[in-house]
Every structure is written in C-alpha cells, then in structure tokens.
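For reference, the structure discussed in these notes is given below.
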Amino acid sequence: MALSGLPASAGGDFAVREKGGPRPEAKADKASVYIVRPANIGKAIRIWAFADENVIGVTKSNTYLHIYLDPGTYVFWSRAENVSAVEYTVEAGKTYYFKQKVKMGMMKARVRVLPLSETEGLEVLDECEKFSTMTDAGKVRGAEIAAEKLAVAKEKAAES
C-alpha cells in the first residue's frame, strides 16, 4: 500500500522516497526535529524512533526522519535490539538533530541516540539518501511499541 504516492516497503510498515525535494521549513511555533541514520551498518534492520509516545518513524541505512513538535522537554528514543534514549528540551522556531549510531548486536543492530550540533546535524543529514515516511500500519505498530517501551526509554534517559 502506498502513502501519498510513495512505494511501500517490503515489510509494509513504512514508505521511503528519494531525498530530492526541499526539506521541511522551520515553523515559528514548533521545533523542527530530524532523526538521522547515515550509516550502512545493519543495512536492512529497521530502527524505530520516538519523541515520548510520538512515533517519528523507522529508519534503515542512510535515511532520515522529520517531525514538528511543540516546545518542551521530550525523551527522544530509538528501539532496535536495545532501547537508547536521551532527554532534551526543544524550543519553537529552532531545528534539532539526533543521530542513530548503529552497531551490530547478537541478532539485530544495536542503537545509540546522540544529539548533534547544527553543523554536525546538517553534515550527516546530507549523507542520508532517503526520507522515511510512516504508513498507517506503521503508525499503529509504532504506537504499540511506544506503549510497551516508553517506560524503559524514560529509565534509559534518566541514566544518561
């Protein structure tokens, strides 16, 4: 099934289109947040990204995600074989970048979420070839994961 004319992935939980169009514009009343995964490690492994219970999307290698958020403090977290999280405060009118640093684990890729400076964020964003967008089925699955793992993510964020 396609979302906005985009081809669905083989797994059916997200769609990917080539990065080529303009990136989302900043909004005066919202924070603009990018999740970037510029590495080829664990190429086919899906890694989920969230801001609290908000499903941002799923990445594979060399993809990025984008979301607008209300100003405030969020736990930005990703789920692969593990859960990695960082608490971060975002402000309206500003852009933020978080990198999913991936390494191979026992059965899947392990992930670490790292906040990046604007310079670092723009650099790795340029390395990403594709933009990932969620399908309806992906949103449902993401909500299930968020309900199941948000408490773990908050614990991980408190530890970091």
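Scanning the range 78-90 for residues that are buried (at least 19 other Cβ atoms within 10 Å of the Cβ) and out of contact with any Lys or Arg (no Cβ under 7 Å at 6 or more places or on another chain) gives Ser78, Val90. Taking the criterion of being hydroxyl-bearing (Ser, Thr, Tyr) and either more than 21 Å from Trp77 (Cβ to Cβ) or outside any strand (DSSP E or B) (or both), the residues of the range 91-130 that qualify are Ser117, Thr119. Scanning the range 14-53 for residues that are aromatic (Phe, Trp, Tyr) and either at pLDDT 90 or above or touching a Pro at 6+ places or on another chain (Cβ under 6 Å) (or both), we see that the one that is surrounded by the fewest Cβ atoms within 10 Å (Cβ to Cβ) is Tyr34. Do we find a residue being part of a loop (DSSP other than H, G, I, E, B) and either at pLDDT below 85 or of a type in the set (Val, Ile, Thr) (or both) anywhere in the range 54-72? Taking every residue of the range 54-72 in turn, none turns out to be part of a loop (DSSP other than H, G, I, E, B) and either at pLDDT below 85 or of a type in the set (Val, Ile, Thr) (or both).
For beta carbons closer than 6 Å, sequence separation of 6+ or different chains, a first residue in the range 37-57 that is of a type in the set (D, E, K, R) and a second that is not in a loop (DSSP other than H, G, I, E, B), the qualifying pairs are Arg37/Thr59; Arg37/Thr63; Arg37/Gln100; Arg46/Val58; Asp52/Tyr74; Asp52/Val75; Glu53/Ala146; Glu53/Leu150.
Of the residues examined, Tyr74 is one that is under 21 Å from Arg141 (Cα atoms) and of a type outside the set (S, T, N, Q).
Thr133 passes every criterion in (1) surrounded by fewer than 19 Cβ atoms within 10 Å (Cβ to Cβ); (2) assigned to a helix (DSSP H, G or I) apart from (2).
How many residues are within 13 Å of Trp48 (Cβ to Cβ) and either of a type outside the set (D, E, K, R) or in contact (Cβ under 8 Å) with a residue 60 or more places away in the chain (or both) if we restrict to the range 68-97? Here the count works out to 9.
Looking at the range 26-53, which of the residues that are assigned to a strand (DSSP E or B) and in contact with a Cys (Cβ under 8 Å, 6 or more places away or on another chain) is nearest to Leu69 (Cα to Cα)? Here the answer is Val36.
The values are calculated or read from the model by the stated rules, or taken from the named source; none is laboratory data. What you are looking at is a predicted structure, and each value in this text was computed from that prediction instead of being measured. Counting neighbours? That spans all protein chains shown, and the Cβs are built from the backbone with ideal geometry, glycine included.
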